[in-house]
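Asker: Below you'll find the structure I mean.
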Amino acid sequence: AINSLDLLIYFLAYLRSYNVIVDKFETTMKYSFQQFHMWYQYGLSLMCDQKYYRAYLVFKECVDMKPDHLGCHLLLARIAIENLYLANECVEWCQKIQELSSNKNRKAFILYGSAMCFKAKLQKQRTL
């Protein structure tokens with residue numbers, strides 16, 4: 001069943017019908033409790049459909065399922081800073097990425113720097 005759903009998703013993604021993909025995942029999630037692959041694909045489809053807060057919550061659930069999956073942490077940091085403007089959360093996720101990875105993750109450093117610049121800009125605006 002998962003393979004046929006994956007094929008359907010590839011086809012719908014080719015057509016850029018992300019809202020249909022999200023609807024299919026919402027019905028599928030009733031039957032796929034605690035399946036990481038399904039939750040991860042659901043989060044990605046929510047990002048494509050520009051539903052960033054819901055995607056953030058789904059990826060947090062993915063991190064609870066697989067705490068050592070760096071992709072989820074990176075996506076959480078990216079959504080936090082680029083779409084939700086949550087600089088503190090982005091910094092926390094980037095620090096977790098650096099703790100989990102054996103070598104230094106460049107994307108995490110870029111997101112960390114963006115979050116720190118955003119925090120500095122917010123503090124500068126508050127002092128004015």
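The values are calculated or read from the model by the stated rules, or taken from the named source; none is laboratory data. The shown structure was predicted, so the numbers you read here are calculated from the model rather than taken from an experiment. In this analysis, Cβ positions are derived from the backbone assuming ideal geometry, glycine residues included, and neighbour counts consider all displayed protein chains. What goes into the accessible areas is simple: the full protein's heavy atoms, side chains included, and nothing from ligands, DNA or RNA. Shrake-Rupley method; radii C 1.70, N 1.55, O 1.52, S 1.80 Å.
Asker: In a shell of Cβ-Cβ distance under 14 Å around MET47, excluding MET47 itself, what net charge do Lys and Arg (+1) and Asp and Glu (-1) give?
Answerer: Surrounding charge for MET47 is +3.
Asker: How many Å² of accessible area per residue for the chain, probe 1.4 Å? Before the final figure, lay out each step's value.
Answerer: Details: 8330 Å² over 128 residues.
Roughly 65 Å² per residue, with all protein chains present.
Asker: Let me ask another. Mind checking which lysines have their Cα closer than 29 Å to the Cα of LYS24? Skip sequence neighbours fewer than 8 apart in that chain.
Answerer: Correct list for LYS24: LYS51, LYS60, LYS66.
Asker: Work out from phi, with θ = phi - 60° and the Karplus expression 6.51 cos²θ - 1.76 cosθ + 1.60, the ³J(HN,Hα) of each residue of region 14-31, listed in order in whole Hz, and give x for Gly and Pro.
Answerer: These are the phi-based 3J(HN,Hα) values: 4, 7, 6, 9, 5, 5, 5, 4, 4, 4, 5, 5, 4, 6, 6, 5, 5, 9 Hz.
Asker: Given the DSSP H assignment, sum -39500 (n - 2.57) over each helix run of at least 4 residues in the chain and divide by its residue total; what's the result at 222 nm in deg cm²/dmol, nearest 500?
Answerer: Details: 7 runs with 100 residues, N = 128.
Result for the chain: -25500 deg cm²/dmol, rounded to the nearest 500.
Asker: By a straight-distance test (C-alpha under 16 Å), which aspartates and glutamates pair with LYS104 as possible cross-link partners, with residues fewer than eight away in the same chain excluded?
Answerer: Partners within reach: ASP68, GLU92.
Asker: How much net charge surrounds LYS60 when only other residues with a Cβ under 13 Å from its Cβ are counted (Lys, Arg +1; Asp, Glu -1)? All intermediate terms of the calculation are to be shown ahead of the outcome.
Answerer: Values: positive: ARG54, LYS66, LYS96; negative: GLU61, ASP64, GLU89, GLU92.
Computed value for this residue: -1.
Asker: Same structure, new question: In what order, largest first, do ARG126, ARG54 sit by accessible area if the probe radius is 1.4 Å? Don't jump to the answer; show the numbers that get you there.
Answerer: Working: ARG126 185, ARG54 90 Å².
From most accessible down to least: ARG126, ARG54.
Asker: Once a ≥ b ≥ c are taken as the square roots of the eigenvalues of the Cα gyration tensor of the chain, is the result rounded (a/c under 1.5), prolate (a/b larger than b/c) or oblate (a/b not larger than b/c)?
Answerer: Details: a/c = 2.57, a/b = 1.76, b/c = 1.46.
Cα axes put the chain in the prolate bin.
Asker: Roughly speaking, to the nearest percent, how much of region 1-118's 1.4 Å accessible area is carbon and sulfur?
Answerer: Answer for region 1-118: carbon and sulfur cover 55 percent of the accessible area.
Asker: Let me ask you something else. Quote the relative contact order of the chain in percent (integer), defining contacts as alpha-carbon pairs under 8 Å separated by 6+ residues. Intermediate results must be reported in sequence, preceding the final value.
Answerer: Values: 116 pairs, mean separation 19.3, N = 128.
Dividing the mean separation by the residue count of the chain yields 15 percent.
Asker: Straight distance only, please: which lysines reach the Cα of LYS121 with their own Cα at less than 23 Å, same-chain residues fewer than 8 apart left out?
Answerer: Within the straight-line limit of under 23 Å, LYS121 reaches these lysines: LYS107.
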